[in-house]
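Right, one structure below, let's go through it.
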Amino acid sequence: AQSVTQLDSQVPVFEEAPVELRCNYSSSVSVYLFWYVQYPNQGLQLLLKYLSGSTLVKGINGFEAEFNKSQTSFHLRKPSVHISDTAEYFCAVSVNAGGTSYGKLTFGQGTILTVHP
Amino acid sequence: ETGVTQSPTHLIKTRGQQVTLRCSSQSGHNTVSWYQQALGQGPQFIFQYYREEENGRGNFPPRFSGLQFPNYSSELNVNALELDDSALYLCASSLVAGFGEQFFGPGTRLTVL
């Protein structure tokens, strides 16, 4: 079974500062990795995904993440945050099991990013 | 291109009642997954439907059931509601070959009193 740990439940940061949201996963098989953002009272929006290839993945809204297989991590970064980035962020994995995979997502507990002026 | 839609937006039920939540998948997507997100938690996988059949299930009791229709829309039914069923229920659609990438609807907020 897979599991995802988001190491920080809340991250406060000032506007225009850099931010890193940490995610570690556990799996006995290879995985696909995702970051989703959830604004208040809304569903989930995909920020970025790692399927294969380059370990540095760029997503929407200036976010990027780096897949580190040896450390089983997939940390999300942004060099300069805006007030509008205030939201909850979820790291998720799904099993890369080829044709048998049905793409079930296993989510972390979420990290609330609060950007202060 | 129409995204994933869910209805109703909010719902209030009492313990022991039954509820049906609805989801219309994104155009071209033939797979629908349902997730339960309790307050302050990450979403938990309930089950997935592909071509009108259940194609995987999470750790939820049988009183959680579903349907998928020929147009790929879906229903989530919950019988004998319990207080702990209060949550945001999210529907996500995907292509089976989509490497697990799922597109989420806005959710239905269910409150059980």
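The values are calculated or read from the model by the stated rules, or taken from the named source; none is laboratory data. Treat the numbers as computed from the prediction; the structure is a model and nothing was measured. Here the Cβ is made from the backbone with ideal geometry for all residues, glycine too, and neighbour counts use every protein chain on show. The protein model used for the area step is the full one, side chains on, heavy atoms only, and it has no ligands, DNA or RNA in it. Shrake-Rupley method; radii C 1.70, N 1.55, O 1.52, S 1.80 Å.
Whenever a residue of the range A:47-62 is assigned to a loop (DSSP other than H, G, I, E, B), its partners that are open to solvent by 80 Å² or more (accessible area, probe 1.4 Å) and of a type outside the set (S, T, Y), lying with C-beta atoms within less than 6 angstrom and at least six residues away or across chains, give the pairs A:L51/B:F99. With respect to the stated conditions, B:G56 fails to be part of a strand (DSSP E or B), modelled with pLDDT of 95 or more and either within 14 Å of another protein chain (Cβ to nearest Cβ) or out of contact with any His (no Cβ under 7 Å at 6 or more places or on another chain) (or both).
Consider B:G100 carefully, then state whether it is surrounded by 13 or more Cβ atoms within 10 Å (Cβ to Cβ), at the interface with chain A (Cβ under 9 Å from one of its Cβ atoms) and at pLDDT below 90. So B:G100 fits the description; yes.
Within the set A:L33, A:L76, the sole residue that is more than 10 Å from chain B (Cβ to nearest Cβ), buried (at least 16 other Cβ atoms within 10 Å of the Cβ) and part of a strand (DSSP E or B) turns out to be A:L76. Which of the residues belonging to the range A:89-108 are more than 11 Å from A:S30 (Cα to Cα), open to solvent by 30 Å² or more (accessible area, probe 1.4 Å) and at pLDDT below 75? Those that are more than 11 Å from A:S30 (Cα to Cα), open to solvent by 30 Å² or more (accessible area, probe 1.4 Å) and at pLDDT below 75: A:G99, A:T100, A:Y102.
Looking at the range B:1-53, which of its residues are hydroxyl-bearing (S, T, Y) and in a strand (DSSP E or B)?
B:T5, B:S7, B:T20, B:S24, B:T31, B:S33, B:Y35, B:Y49, B:Y50, listed by residue number.
Within 13 Å of chain A (Cβ to nearest Cβ), touching a helix residue (DSSP H, G or I) at 6+ places or on another chain (Cβ under 9 Å) and open to solvent by less than 30 Å² (accessible area, probe 1.4 Å), is that true of B:Q36? In short, yes. Note on the range A:36-52: among residues that are more than 9 Å from chain B (Cβ to nearest Cβ) and farther than 19 Å from B:S94 by Cβ, the one that is surrounded by the fewest Cβ atoms within 10 Å (Cβ to Cβ) is A:P40. Each residue in the range A:14-30 was checked for being of a type in the set (V, I, T) and surrounded by fewer than 18 Cβ atoms within 10 Å (Cβ to Cβ), and 1 of them qualify.
Given the structure, is B:P106 outside any strand (DSSP E or B), within 11 Å of chain A (Cβ to nearest Cβ) and open to solvent by 50 Å² or more (accessible area, probe 1.4 Å)? Walk me through how you get there before you give the answer.
Working: outside any strand (DSSP E or B): yes; within 11 Å of chain A (Cβ to nearest Cβ): yes; open to solvent by 50 Å² or more (accessible area, probe 1.4 Å): yes.
Spelling it out, B:P106 is indeed outside any strand (DSSP E or B), within 11 Å of chain A (Cβ to nearest Cβ) and open to solvent by 50 Å² or more (accessible area, probe 1.4 Å).
Could you tell me whether B:V112 is closer than 28 Å to A:I112 by Cα, in contact with a Leu (Cβ under 6 Å, 6 or more places away or on another chain) and not hydroxyl-bearing (S, T, Y)? Here the answer is yes, as B:V112 does meet what is asked.
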